[in-house]
Amino acid sequence: MAETNISESLVQHFVTSDGLTLAADVAGPQGAPLVLLMHGGGQTRHSWAGAMRALVAAGYRVVNLDARGHGESDWSPDQAYALQNRIEDVRAVVDGCTVPYALVGASMGGLTAIHAAGEGLKPAAIILVDIVPEMERTGVERIVGFMNAHHAGFANLDEAADAVAAYYPERPRPRDPSGLMKNLRLRDDGRLHWHWDPVMFDIEDAGRFHEPLERSSQRIGEDGDVPVLVVRGMLSDMVSDRGIAAFKAKVPHVEIADVGGAGHMVAGDKNDVFNTAVMGFLARYMPL
């Protein structure tokens, strides 16, 4: 990983093993323990803005990555969006890293973190944000349904804001929807489209990830040397008590932090509570 001599946030690019360019915000003291933030499917690195500020203020080095096919990172011309491809993207960031590093992943990013550790990466800590391998089918179907519902795009920002409000009624609809432009792109058809490559949600089936994730979870549990925290939103329809119990059966040392009043987007719903849980965990297992 190329280092810089400044602690202010800057955009940095990483080249993957298959030649894609991934965009990331990088900040924090050079030489400090590293935290790699990996967002969920359909999100961008901007979803971690509050967490990144808190981590940098605490003294950590942070790489806040746009996943392949998302945000300002390249789309794959080969539709290479499997878990193994995402593990190689993690390697593009941490290979050659001489300091301890933690993987913090929400949803899709969390699944990537589990499988990366099971496939031989050695993080100092893993923090999973509202995700376990045994996902609730209703939650998965709701998310994938939203991702596949608007391939025709939107005529304006208000249409996009209405779609988000219908998907996430727990959050008040913003009076000014201009912030959504971080998640939209104006295409040649003159309409606004979500930033992500739509093919990844057509070809990805959460069910086919189950077996490799189970194997990776088993390896993490058997090794027992990578601390794992699950931060669960108590209003989530993705992670249930059943899913937590199944994960604990594979990884007995996993810790659970339940966040009341938060749904699947835990960091966005209750950022201060989320940051407190993450900071406390990192202070014990990857101290500055």
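One table, with the values for the structure above:
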item	result
Eligible aspartates and glutamates near Lys250 by straight Cα distance, threshold 12 Å, same-chain separation 8 or greater	Glu134, Glu214, Glu222, Asp223
Vicinal HN-Hα couplings computed from phi for the range 54-69 (Karplus, 6.51 cos²θ - 1.76 cosθ + 1.60; Hz; Gly/Pro x)	5, 5, 5, 4, 6, x, 7, 8, 10, 10, 10, 9, 7, 5, 3, x
Residue order, fewest to most beta carbons within 10 Å, for Leu83, Leu65	Leu83, Leu65
Residues Leu235, Leu121, Leu288, sorted so that the one with the fewest Cβ neighbours within 10 Å comes first	Leu288, Leu235, Leu121
Packing-based ranking, highest mean first, of 220-230, 151-161 given that Cβ atoms within 10 Å are counted	220-230, 151-161
Among 273-284, 99-110, the order from most to least packed when residues are scored by Cβ within 10 Å on average	99-110, 273-284
DSSP beta bridges in the chain [antiparallel fraction, %, rounded to 5]	35 percent
Karplus-derived 3J(HN,Hα), 6.51/-1.76/1.60, for each residue of the range 26-40, Hz, glycine and proline x	10, 7, x, x, 4, x, 7, x, 9, 10, 9, 9, 10, 6, x
For the range 48-65 versus the range 229-251, the gap between their alpha-carbon centres in whole angstrom	25 Å
Residue-by-residue Karplus 3J(HN,Hα) for the range 185-196, coefficients 6.51, -1.76, 1.60, Hz, glycine and proline x	9, 7, 9, 5, 7, x, 10, 8, 10, 4, 6, 7
For Ile256, residues with placed amide H under 5 Å, excluding near neighbours	Val230
Equivalent ellipsoid, the range 149-197 (semi-axes from 5 times Cα gyration tensor eigenvalues, Å)	19, 11, 9
For Ser76, distant residues with modelled amide H under 5 Å away	Gly69
Theoretical ellipticity at 222 nm over the chain - DSSP helices of four or more residues, -39500 (n - 2.57) apiece, nearest 500	-10500 deg cm²/dmol
Cβ-based exposure ranking for Trp196, Trp48, in which fewest neighbours within 10 Å come first	Trp196, Trp48
Counted charge near Arg242, where neighbours are those whose Cβ lies closer than 12 Å (Asp, Glu -1; Lys, Arg +1)	-1
Global geometry of the chain, whether rounded, prolate or oblate, following the gyration tensor of its Cα atoms and the 1.5 cut on a/c	rounded
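Read-outs: derived from the displayed coordinates by stated rules, not from any lab. Computed from a predicted model, the values in this text were never measured in an experiment. Positions of Cβ are generated from backbone atoms using ideal geometry, with glycine treated the same way; all protein chains shown enter the neighbour counts.
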